[in-house]
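To start, the structure under review is shown below, and the notes come after it.
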Amino acid sequence: MTPLRINLEQEEIPTHWYNVVADMPNPPAPPLGRDGLPVSPEAMGAIFPGPILEQEMSAERWIAIPEEVRQIYAQWRPAPLCRALGLERALGTPAKIFFKYEGGSPAGSHKPNSAVPQAYFNKLAGTKRLTTETGAGQWGSSIAYAGQMFGLPVRVFMVNVSYQQKPFRRSMMQTWGAEVFASPTNLTNAGRSALAADPNSQGSLGLAISEAVEEAAADAGTCYTLGSVLNHVLLHQTVIGLEAKKQFDKIGLYPDIIFGPCGGGSSFGGIAFPFLADKAAGDKRATNLRCVAVEPTSCPTLTKGAYAYDYGDVSGYTPIMRMYTLGHDFMPPGIHAGGLRYHGDSPLVSQLLHEGKLEAMAVPQVATFEAGVQFARAEGIIPAPESCHAIRAAIDEALRCKVTGEAKTILFCLTGHGHFDMASYDKYFSGQLEDFDYPEAAIVESLKHLPKVG
């Protein structure tokens with residue numbers, strides 16, 4: 001019998017997170033303030049607690065995972081590495097396809113990997129309340145869960161289009177005690193401005209971030225939590241790739257190519273960065289390894305954006321970060337992979353892509369759902385729309401192997417299940433989903449509004 005699940009014991013949960021900054025060819029570009037100067041820790045301290053800031057700015061290769069965090073991780077970690085044998089057979093490919101399945105967490109995705117430590121370190125620092133944004137609701141439900149674990153109230157600004165599309169994610173957050181509002185709201189200056197400009201605004205992650213940051217900055221007892229983009233978030237997510245490396249060692253294999261869906265970069269960094277450590281260390285197995293971020297054609301940040309300094313939110317409350325961006329006032333269409341609707345990307349992912357250490361590709365919406373359905377019928381797991389982007393890329397790579405005869409080992413991150421996304425699948429089955437390539441002219445116009453730096 002072919003092993004389909006490669007498992008680890010509970011004591012094999014990683015004891016340290018891996019910090020890719022230690023192995024980058026060049027130091028990360030610093031975040032800047034409105035004055036064009038590097039942001040001070042004191043300024044960042046207005047919305048983040050000290051321990052999180054230390055991780056955000058650290059260049060240490062290994063950062064210890066507190067035992068309290070590992071204990072909560074043990075509710076669902078280690079996560080299995082799975083062989084997609086049914087999919088391989090359906091495709092008739094000589095390739096071996098593996099996926100790291102992150103859908104077993106309480107929130108059903110990879111997001112608690114960072115939500116739990118963020119809540120823990122906030123509690124340690126004396127924070128009284130948390131604010132955050134969420135797109136598809138995976139991050140919002142995760143930080144609601146984590147806040148409940150440590151007795152912290154949570155307020156979530158949920159992108160309006162996802163608030164309407166995914167009501168059960170909203171219910172999950174409320175079950176874990178969080179307040180949830182459709183962004184833009186009338187609660188903040190950023191929200192009121194957006195509604196004045198467009199009373200029917202679908203919202204965006206950048207706008208929801210503005211609302212959450214504005215509220216955190218106005219109250220000394222409140223801190224902001226972010227589900228993607230920043231260094232400390234990608235740091236926490238490296239438990240995914242660290243476990244996967246141990247699991248591949250158990251079966252004597254190593255991936256030739258890694259795919260991950262990419263919106264802000266957290267799950268992609270989580271699966272890819274620990275393997276980039278092997279490249280940096282001169283591991284011969286990683287010599288020709290390719291790590292590919294997969295994004296939607298409707299929000300083509302890495303494939304069509306500019307590598308430049310930009311705000312992480314719509315209103316300019318956040319520091320200015322060097323990243324691939326479509327412009328901070330970019331308003332993406334209401335695609336169903338709500339977690340990928342972001343104008344920018346992780347500065348670390350962006351810099352590594354810019355320096356040629358990573359690759360990026362974009363796939364259209366309908367093709368991703370086709371891939372998700374094909375995967376579900378072969379493997380039984382219904383994937384989240386975000387995960388379908390990586391599945392599309394993995395299937396296409398496996399079909400190329402069918403043509404060339406190459407027996408590659410393909411790995412992708414299945415970031416979460418799609419049980420709360422069935423309305424999106426309904427639209428796919430009824431032919432109501434459309435592909436949308438964001439117009440070049442609209443991107444050019446948005447990029448005109450980048451902040452002037454230097």
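Data for the structure
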| read-out | value |
| --- | --- |
| Listing of helices (runs of 4 or more DSSP H) fully contained in the stretch 359-454 that carry 3 or more residues being within 30 Å of residue 31 (Cβ to Cβ) and either at pLDDT below 95 or assigned by TED's automatic domain parsing to the domain that holds residue 255 (or both) | 385-404, 440-447 |
| Failed criterion for residue 220 (all others in (1) modelled with pLDDT under 95; (2) under 16 Å from residue 143 (Cβ atoms) hold) | (2) |
| Index of the failed condition, residue 82 passing every other in (1) modelled with pLDDT of 95 or more; (2) within 20 Å of residue 247 (Cβ to Cβ); (3) outside any strand (DSSP E or B) | (3) |
| Residue match in the stretch 15-27 (condition: exposed (fewer than 15 other Cβ atoms within 10 Å of the Cβ), outside any loop (DSSP other than H, G, I, E, B) and touching a helix residue (DSSP H, G or I) at 6+ places or on another chain (Cβ under 6 Å)) | no |
| Unique match (being under 21 Å from the mean Cα position of the chain (by Cα), at pLDDT below 95, of a type in the set (Ser, Thr, Tyr) and over 24 Å from residue 379 (Cβ atoms)) among 162, 114 | 162 |
| Selected residue [surrounded by fewer than 13 Cβ atoms within 10 Å (Cβ to Cβ) and in contact with a Ser or Thr (Cβ under 8 Å, 6 or more places away or on another chain)] from 59, 64, 74, 95 | 64 |
| Some residue of the stretch 66-78 being within 30 Å of residue 376 (Cα to Cα), aromatic (Phe, Trp, Tyr) and in a loop (DSSP other than H, G, I, E, B) | yes |
| Among (1) surrounded by 13 or more Cβ atoms within 10 Å (Cβ to Cβ); (2) closer than 22 Å to residue 138 by Cα, the one test that residue 398 misses | (2) |
| Residue ID - farthest from residue 257 (Cα to Cα), chosen from residues in the stretch 370-392 that are under 17 Å from the mean Cα position of the chain (by Cα) and of a type in the set (A, V, I, L, M) | 384 |
| So residue 108, is it at pLDDT 95 or above and either among the basic types (Lys, Arg) or in contact with a Phe, Trp or Tyr (Cβ under 8 Å, 6 or more places away or on another chain) (or both) | yes |
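The values are calculated or read from the model by the stated rules, or taken from the named source; none is laboratory data. Here the structure is a predicted model, which is why all the values come from computation and not from measurement. Note that each Cβ is placed from the backbone with ideal geometry, even for glycine, and that neighbours are counted across all protein chains shown.
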